[in-house]
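Following: one structure in structure tokens, then a few remarks.
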Amino acid sequence: MNVVCLDMEGVLVPEIWIAFAEASGIPELKRTTRDEPDYDKLMRWRLDILKEHGLGIREIQDTIAKIDPLPGAKEFLDALRRETQAIILSDTFEQFAKPLMEKLDWPTIFCNTLEVADSGEITGFRMRCPQSKLTTVRGLQSIGYDTIAAGDSFNDLGMIQASKAGFLFKSTDAIKADHPEVPAYEEFGDLLQAIRAALD
Ligand SMILES: [Mg+2]
């Protein structure tokens, strides 16, 4: 039995914080783990900025609702879900992902969660488990599934390498050059075909 594990940002939807920085007109929010490798520190800094701008969960969800999935992403996911099981594994937060999942017709997503006060203010965040993508793939394998994984970034390599088949999708030249052993695709049609071939 197969389950396909897909990264979300950069694969199915744009990078949420970058798109959100543009949609909200707050360029500081483009800062990523490349600028601040300590994720905990980066998230606290982001939450402080949201607070400064008076942005609570409702305003953020309204803004994220203006972001669209990447062209072809929904059709890809629809086709995939007709043939096998698919789960989106992401380091984002369920409250941020929600408006985008609606546009993808509510696929299953495993990610993290924000702590939100009744007023809508985001007061904190809770990460699900360490190395969430790799840990989840191992968990699925422990209950009898073969996993097939695809993602674009460094934090996807663990699940890609631990899976029966794994693919880079819309990745960077540097990551592709460092991992010539991982097939890399740019188009949804090519990824779908590669996944189909790995399903048997
Ligand atoms: Mg990604």
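The values are calculated or read from the model by the stated rules, or taken from the named source; none is laboratory data. Here the structure is a predicted model, which means the values were calculated and not measured. Neighbour counts run over all protein chains shown; Cβ positions are idealised from the backbone, glycine included.
Table: residues versus (1) over 24 Å from PRO69 (Cα atoms); (2) of a type in the set (S, T, N, Q).
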| site | (1), (2) |
| --- | --- |
| THR123 | yes, yes |
| CYS129 | yes, no |
| TYR145 | yes, no |
| LEU157 | no, no |
| ALA162 | yes, no |
| PRO183 | no, no |
| PHE188 | no, no |
| LEU192 | no, no |
Q. Of the residues in segment 71-92, how many are within 11 Å of MET8 (Cβ to Cβ) and without any contact (Cβ under 8 Å) to a residue 60 or more places away in the chain?
A. 0
Q.
Just the residues that are more than 18 Å from the chain's Cα centre (by Cα) and closer than 18 Å to LEU80 by Cα, please, taken from segment 141-162.
A. TYR145, ASP146
(Q) For GLU121, only one of the following conditions fails: (1) charged (D, E, K, R); (2) within 16 Å of the ligand (Cβ to nearest atom); (3) over 16 Å from LEU89 (Cβ atoms); (4) touching a residue at least 40 places away in the same chain (Cβ under 8 Å). What is its number? (A) (2)
**Q.** All positions within segment 160-181 that are surrounded by fewer than 22 Cβ atoms within 10 Å (Cβ to Cβ) and touching a residue at least 24 places away in the same chain (Cβ under 8 Å)
**A.** ALA162, LYS164, ALA165, LYS170
(Q) Looking at the structure I just gave you, is ALA86 at pLDDT 95 or above and assigned to a strand (DSSP E or B)? (A) yes
Q. Looking at this structure, is ARG58 under 30 Å from ALA194 (Cβ atoms) and of a type in the set (Lys, Arg)?
A. no
Q: Mind listing whichever residues of segment 124-144 are more than 16 Å from the ligand (Cβ to nearest atom) and buried (at least 19 other Cβ atoms within 10 Å of the Cβ)?
A: LEU140
Q: Could you check how many residues of segment 184-195 are outside any helix (DSSP H, G or I) and in contact with a helix residue (DSSP H, G or I) (Cβ under 6 Å, 6 or more places away or on another chain)?
A: 2
Q) What residue, among those in segment 89-136 that are of a type in the set (Val, Ile, Thr) and within 11 Å of the chain's Cα centre (by Cα), is modelled with the lowest pLDDT? A) THR92
